[in-house]
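Since the structure comes first, as structure tokens, the remarks are kept for the end.
The values are calculated or read from the model by the stated rules, or taken from the named source; none is laboratory data. Not measured: the values here are computed from a predicted model. Cβ: placed from backbone, ideal geometry, glycine included. Neighbour counts: every protein chain shown.
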Amino acid sequence: MRNTKLSSLVCASLLFVGATNCINAEDAKQTVDPLIQKALSMGLKAIPNDINELKKLTDPDNVLTAQKVELGKKLYFEPRLSKSGIISCNTCHNLGLGGADGVSAAVGHMWTPNPHHLNSPTVYNSVFFKAQFWDGRSPHLEDQAQGPMQAAPEMASPPSLVEERVNSIPEYIAEFKSVYGNDVKIDFATITATIGAFERTLVTPSRFDDYLHGDASALSDTEKEGLDLFLTKGCIACHNGVALGGTMQAFAVTKPYKFANVGDFKGDANGMVKTPTLRNITETAPYFHNGQIWSLNEAIQEMGSIQLGITISDDEATKIATFFKALEGRKPEITYPMLPASTATTPKPDFK
């Protein structure tokens, strides 16, 4: 089904660029389903249908406008923000690949793999996360956008280079003035905050949200069985809320993770690790912080073992993985932007 009400609201507000494939709760079959109440009572939450409720979650501190989102999209796809001039945010958070890159460890400047062997998490629905990065060191997307640009093994661009590149292009200057006013200072913080504004629109409502909103027919019987297992087995303890993840949790609680020796990541100062979202999880293999497990069923069983201290059978893992297919969201339609040309004063690419 199509949510024409939400689609029109979303498109009218331009919160979600091209997100027209949404579910209409008014057209849904409103059936009393005790499993819906069970899921809600245990901490799962749907992406709001009401645009005002959604805005409370997605833009409380960075008010979104159509022009700001469009400029942020250009910058998200802008490779000249990297030292080499060939790496953009989309390189590691590819919007056509579930918002990730499909490799175990992110690869950045000079083909450098992440020195901690960290996997690129999806950018979709990251606006709902309580913390950003695997160690949770950033509180929101605007702050998070600053990290990869400066990191030597990622985009390797100091803030001064990012500012110089953007300010050397008259079209970008004009766009920033249009968004922020003629007195805008086009500095590193403003540039990255604008990228964060675009990232806040990357929300993907799914059949699971339709189900929580009352459409009992949105999930198949097998998917419902998988959801019930997900709840009763205890997966909900970490994968809850709107994001089904995105909070800091203890990792490897009951036994060691079998690939803990790959990379040196140990979590934050307290050993806590950001829980990945389960939204679009079927599209974002490989799994875990170091990307060592490619099978979703195996990932489910490993989590049962090291987090819950239980054995999840092959049949149970298959049913839970079947439920996860209902978390495949309706993606915003993203048109690749035409980027303005460099000028004679634009710093040249640097591969050193």
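If only one of Gly267, Gly263 is surrounded by 14 or more Cβ atoms within 10 Å (Cβ to Cβ), of a type outside the set (Phe, Trp, Tyr), assigned to a loop (DSSP other than H, G, I, E, B) and in contact with a strand residue (DSSP E or B) (Cβ under 6 Å, 6 or more places away or on another chain), which one is it?
Numbers: Gly263 fails: in contact with a strand residue (DSSP E or B) (Cβ under 6 Å, 6 or more places away or on another chain).
Every option except Gly267 fails the conditions.
Looking only at segment 144-161, which residues are in contact with a strand residue (DSSP E or B) (Cβ under 7 Å, 6 or more places away or on another chain) and surrounded by fewer than 17 Cβ atoms within 10 Å (Cβ to Cβ)?
Once the filter is applied, which keeps residues that are in contact with a strand residue (DSSP E or B) (Cβ under 7 Å, 6 or more places away or on another chain) and surrounded by fewer than 17 Cβ atoms within 10 Å (Cβ to Cβ), segment 144-161 yields only Gly147.
Scan segment 251-272 and tell me whether some residue there is closer than 18 Å to Phe324 by Cβ and either without any contact (Cβ under 8 Å) to a residue 40 or more places away in the chain or in the same structural domain as Cys92 (by TED's automatic domain parsing) (or both).
Within segment 251-272, not a single residue is closer than 18 Å to Phe324 by Cβ and either without any contact (Cβ under 8 Å) to a residue 40 or more places away in the chain or in the same structural domain as Cys92 (by TED's automatic domain parsing) (or both).
If you check Thr122, Thr65, which single one turns out to be surrounded by fewer than 19 Cβ atoms within 10 Å (Cβ to Cβ), under 16 Å from Gly196 (Cα atoms) and modelled with pLDDT of 95 or more?
The conditions single out Thr65.
Quick one: which of Glu316, Glu283, Glu302 is of a type in the set (D, E, K, R), in the same structural domain as Glu225 (by TED's automatic domain parsing), at pLDDT 95 or above and within 20 Å of the chain's Cα centre (by Cα)?
Glu283
Filter segment 319-352 for residues that are outside any loop (DSSP other than H, G, I, E, B) and touching a Ser or Thr at 6+ places or on another chain (Cβ under 9 Å); which is farthest from Ser160 (Cα to Cα)?
Lys319
Do we have Ser84 as surrounded by fewer than 20 Cβ atoms within 10 Å (Cβ to Cβ), modelled with pLDDT of 95 or more and either outside any helix (DSSP H, G or I) or in contact with a strand residue (DSSP E or B) (Cβ under 8 Å, 6 or more places away or on another chain) (or both) here?
Yes; evaluated as a whole, the condition is true for this residue.
Conditions first: (1) in the same structural domain as Ile281 (by TED's automatic domain parsing); (2) surrounded by fewer than 18 Cβ atoms within 10 Å (Cβ to Cβ). Ala344 passes all but one, so which condition is the exception?
(1)
Can you confirm whether Lys45 is surrounded by 15 or more Cβ atoms within 10 Å (Cβ to Cβ), at pLDDT 95 or above and outside the structural domain of Ile173 (by TED's automatic domain parsing)?
Numbers: surrounded by 15 or more Cβ atoms within 10 Å (Cβ to Cβ): yes; at pLDDT 95 or above: yes; outside the structural domain of Ile173 (by TED's automatic domain parsing): yes.
Criteria met by Lys45.
Go through Thr65, Thr91, Thr58 for me and flag whichever is hydroxyl-bearing (Ser, Thr, Tyr) and closer than 26 Å to Ile293 by Cα.
Thr91
Every residue, every condition in (1) of a type in the set (A, V, I, L, M, F, W, C); (2) assigned to a loop (DSSP other than H, G, I, E, B); (3) crowded, with 21+ Cβ neighbours inside 10 Å; (4) out of contact with any Gly (no Cβ under 6 Å at 6 or more places or on another chain), yes or no:
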site: Tyr211; (1), (2), (3), (4): no, no, yes, yes
site: Leu219; (1), (2), (3), (4): yes, yes, yes, yes
site: Glu225; (1), (2), (3), (4): no, no, no, yes
site: Leu244; (1), (2), (3), (4): yes, yes, yes, yes
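Being among the small types (Gly, Ala, Ser), within 30 Å of His213 (Cβ to Cβ) and not assigned by TED's automatic domain parsing to the domain that holds Phe265 is the requirement here; does Gly85 meet it? Talk me through it step by step, then tell me what you get.
On the way: among the small types (Gly, Ala, Ser): yes; within 30 Å of His213 (Cβ to Cβ): no; not assigned by TED's automatic domain parsing to the domain that holds Phe265: yes.
The answer is no for Gly85.
Tally time: how many residues in segment 150-179 are more than 24 Å from Thr91 (Cα to Cα) and without any contact (Cβ under 8 Å) to a residue 12 or more places away in the chain?
Total satisfying the criteria: 2.
Suppose we keep only residues that are touching a residue at least 60 places away in the same chain (Cβ under 8 Å) and in contact with a Leu (Cβ under 8 Å, 6 or more places away or on another chain) within segment 63-79. Which one would you say is nearest to Gly99 (Cα to Cα)? Reasoning before the result, please.
First pass over segment 63-79, keeping only residues touching a residue at least 60 places away in the same chain (Cβ under 8 Å): 64-65, 67-78.
Filter once more, keeping what is in contact with a Leu (Cβ under 8 Å, 6 or more places away or on another chain): 64-65, 69, 74-75, 77-78.
Values: Leu64: 21, Thr65: 22, Val69: 17, Lys74: 16, Leu75: 16, Phe77: 13, Glu78: 16 Å.
Selected residue: Phe77.
Where in segment 98-176 are the helices (runs of 4 or more DSSP H), entirely inside, with at least 1 residues that are among the polar types (S, T, N, Q), at positive phi and out of contact with any Asp or Glu (no Cβ under 8 Å at 6 or more places or on another chain)?
none
Just need a number here: residues in segment 74-98 that are over 15 Å from the mean Cα position of the chain (by Cα) and either charged (D, E, K, R) or closer than 23 Å to Glu175 by Cα (or both). Can you show your working first?
Of the residues in segment 74-98, the ones over 15 Å from the mean Cα position of the chain (by Cα) are 74-75, 77-88.
Going one step further and asking which of them are either charged (D, E, K, R) or closer than 23 Å to Glu175 by Cα (or both), we end up with 74-75, 77-83, 85-88.
The total comes to 13.
May I ask you to list the residues in segment 78-134 that are polar (S, T, N, Q) and under 23 Å from Leu339 (Cα atoms)?
Ser82, Ser84, Ser88, Asn90, Thr91, Asn94
Look at Ala193 and say whether it is closer than 30 Å to Pro148 by Cα, at pLDDT 95 or above and part of a helix (DSSP H, G or I).
Yes.
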